[in-house]
Amino acid sequence: MASTIPRFSRTAFNGSFGRLLLPRLTRGIVPTLGASRHISTSPEVIPRPGRLETCNIFPSSSAEPASSKLFTAVGNTGFTIGDMRMQGPVVVVNDAILMWDVPQFGVGSEQVVSQGANEDASGGTIVEKGDPASPFYGWDTDCFKIFEVVENVPDILVIGTGAQTYPLPPHLKTYLHKLGMQVEVLASRQAGSTYNILVQEGRRPAAALLPVIPTSARTGEVLVKFKQPPRNQDDDE
């Protein structure tokens, strides 16, 4: 018994449906047929996986700051950096926020401040104690040792000296210059603002700031006593 072969009516393809469908099918089939002439009969070669690389195809129209760690508040006893609150001295370097356990006016650290001059353990450099009325009283280069071990040495170090600007002792300034950093010394409120501006300009700064009122980085306690607390509308409390 002969099988029945279905036949399509010419009328179906001559209608509007055929006129709309065939051109679309033709455009899709022709490139495929052309490409099939160049199919290789050699064994399939599977490419070896390589390193995946990504790129941002939607770049931001506005330049982003080099660091997201900006000072948002400078109070009497500490700082707010981004959304993080820190009590006592702080160091901000390479987007890291560190507690900075250093003496302030000779107190506030386990570091012993001896009388007179002493010898630097790194190689015989005499370190002066300095002025007892300075926050840097008794400091040696160990107070800035962190900048010897950071991966990328900052272009400039902004040092905040507390309530007012105090000069940086010459032996500390020389040491920081040898590490390849410029040094800017300001009162801590101005130092925080200066650091933010440098970041927004695309520089690579670091900040090392002392609080307005000497405060321990270890305990968060104020290291000095006042007969009358200083007035400050930006107080941390």
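The values are calculated or read from the model by the stated rules, or taken from the named source; none is laboratory data. Keep in mind that this is a model prediction, so the values were computed, not measured. Cβ coordinates were reconstructed from backbone atoms using ideal geometry, including for glycine residues, and neighbour counts include every protein chain displayed. Note: accessible area is taken over every heavy atom of the protein model, side chains too, but ligands, DNA and RNA are not part of it. Shrake-Rupley method; radii C 1.70, N 1.55, O 1.52, S 1.80 Å.
Could you run through the range 181-205 and say how many residues are open to solvent by 30 Å² or more (accessible area, probe 1.4 Å) and touching a residue at least 60 places away in the same chain (Cβ under 8 Å)?
6
Which of the strands (runs of 3 or more DSSP E) found entirely inside the range 123-224 contain at least 3 residues meeting this: charged (D, E, K, R) and under 20 Å from the mean Cα position of the chain (by Cα)? Outline the logic, then answer.
Numbers: elements: 156-161, 182-186, 205-210.
Filter on the range 123-224 gives an empty set.
Only one of V150, V127 is at pLDDT below 95 and either surrounded by fewer than 16 Cβ atoms within 10 Å (Cβ to Cβ) or in contact with a Leu (Cβ under 8 Å, 6 or more places away or on another chain) (or both). Can you tell me which?
Numbers: V127 fails: either surrounded by fewer than 16 Cβ atoms within 10 Å (Cβ to Cβ) or in contact with a Leu (Cβ under 8 Å, 6 or more places away or on another chain) (or both).
Being at pLDDT below 95 and either surrounded by fewer than 16 Cβ atoms within 10 Å (Cβ to Cβ) or in contact with a Leu (Cβ under 8 Å, 6 or more places away or on another chain) (or both) holds for just one of V150, V127, which is V150.
Quick one: which residue in T161, T141 is open to solvent by less than 80 Å² (accessible area, probe 1.4 Å), free of Cβ contacts under 8 Å to residues at least 40 places away in the same chain, farther than 13 Å from A206 by Cβ and hydroxyl-bearing (S, T, Y)? Can you show your working first?
Values: T161 fails: free of Cβ contacts under 8 Å to residues at least 40 places away in the same chain.
Residue meeting the stated conditions: T141.
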